[in-house]
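Reading through the structure tokens given below for one structure.
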Amino acid sequence: MENDLAVQKSLYSKVNGIEKRDDDFYKELYARSEKRIDSLAKTNPFTEEELDEVLLEDGYDRRDFMKWVSATTAMLMLPGFFEPLVAKTVQVLNRVPVIWINLQDCAGNSEAFLRTDGPTVDELILDIITLEFHELLMAPSGEQAELQLENAMTTFKDEYLLFVEGSIPTAANGIYGTIGTSGETYVDHLVRLSADAKAIVAVGTCATFGGVPAAAPNPTGARGVMDIVQNKPIVNIPACPANPANMLGVILLYVMTGELPDLDGLLRPKFAFGYRIHDACERRVHFDAGEYVEEWGDAAAQAGHCLYKMGCKGPMTFNNCPTVKYNRGTSWPVAAGHGCIGCSEPGFFDKFDRFEAPTPFNPNYNPASDMGVYGAAAGLGLFTAFKQLTKDSVAQEEENGN
Ligand code: SF4
Ligand code: F3S
């Protein structure tokens, strides 16, 4: 490991893929989005649940809701004057149907989603969003569940957002993962459901990059959604689990603007993955001061010093965990006392398998080179309307970035 000075020099530079936009851009976006929201408001909702009723039921008032709106607008990197529009958007979330499927996974993202922070948390998401199909949450099972899925696909053909949780086993003709009475493989299931979807949102590192099931020796040939589905808009929201605030953010932006958020070269929304963990970490001041935890429980650990020497992968990981946090914004891994293990990065689990040892890095590492992989590769701009980066273009960007 290089000395502390070299460590700091190599990791200090800030990286992001966020392009600054001028006022005219946001004004135009606001006008366009407002028109869309007004038009959606005139259509019939797919569910009867109304936000105000849901809020009241759980004892939340309008002030609580507006606080949430304010935080969410900031998280989405929109100017403050968008807040009323974000609030209006929540009112029409029940106009966009969502189908959620679980493939090779532990359902951790569903668990996280159920605890989504918001004005009424679960209720806002589950009752306002039109969740047409979710195996874990719905009452029907077996053939009835299959029927519900077919109905949802037919009714909302070309309209629904398809959320995919879990990796896709491809070895042995996909036999490691089948679903339903017909024994349809996960590969075929995903391809079939994708065909009629408006866009696909891959949630969690398993669905995005293969995740834990794809760890060596990857006996099931686990892959991410973008390795299987072609010619459809895909948004990747990695992490283990994906942060529910980011899932909701993607839905909100889509409902509000009719577009998917601007994506980086790995199809991740820039509002969430445009910055490194390290650049927003509350322990960064200790990193800069050369104050490191050297042993679990030492005085530096008790004083909240930097965890780099204990294996923290924050300098190599792009995610908004330090600002958005988990569990209603109360904490995140580094705040809890353990370094980031890079759970949202491609190649996780194997890439960072020595979680509690400092990751050796190239002293010539240039964060700017990451721009090709993580940053501005998708063409910049806050929104890239239904931009589809194919597997080949992602691979090309990675090649360029390296
Ligand atoms: Fe960076 Fe990790 Fe140290 Fe935070 S704890 S400053 S992310 S190395
Ligand atoms: Fe994962 Fe690191 Fe965030 S471990 S949850 S990306 S802090």
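The values are calculated or read from the model by the stated rules, or taken from the named source; none is laboratory data. It should be emphasised that the depicted structure is a prediction, and the values quoted were computed from it without experimental measurement. So basically every Cβ, Gly included, is an ideal-geometry build from the backbone, and we count neighbours across all protein chains shown.
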Query raised in the report: Taking helices (runs of 4 or more DSSP H) that fall entirely within region 51-123, which contain at least 2 residues that are at pLDDT below 85 and touching a Cys at 6+ places or on another chain (Cβ under 6 Å)?
Result: none
Query - Matching residues in region 296-327 - criterion: being away from ligand 1 (no atom under 15 Å from the Cβ) and exposed (fewer than 13 other Cβ atoms within 10 Å of the Cβ) - result: G297, A299, N327
Report task. Output the residue which, of all residues in region 270-297 that are closer than 19 Å to N246 by Cβ and in contact with a helix residue (DSSP H, G or I) (Cβ under 6 Å, 6 or more places away or on another chain), is nearest to ligand 2 (Cβ to nearest atom). Result -> I277
Report task. Name the one entry in G274, G258 that is closer than 17 Å to I200 by Cβ and under 19 Å from the mean Cα position of the chain (by Cα). Result -> G258
Query raised in the report: Do any helices (runs of 4 or more DSSP H) entirely within region 192-311 hold 1 or more residues that are among the acidic types (D, E), and if so, which?
Result: 225-228, 277-280, 284-288
Query - Y176 over 18 Å from W100 (Cβ atoms) and in the same structural domain as G108 (by TED's automatic domain parsing) - result: yes
Query raised in the report: Within region 311-326, which residues are touching a helix residue (DSSP H, G or I) at 6+ places or on another chain (Cβ under 9 Å) and more than 6 Å from ligand 2 (Cβ to nearest atom)?
Result: C312, K313, G314, P315, M316, F318, N320, P322, T323, V324, K325, Y326
Query raised in the report: Based on what the data block shows, is D127 modelled with pLDDT under 90, assigned to a helix (DSSP H, G or I) and surrounded by fewer than 16 Cβ atoms within 10 Å (Cβ to Cβ)?
Result: no
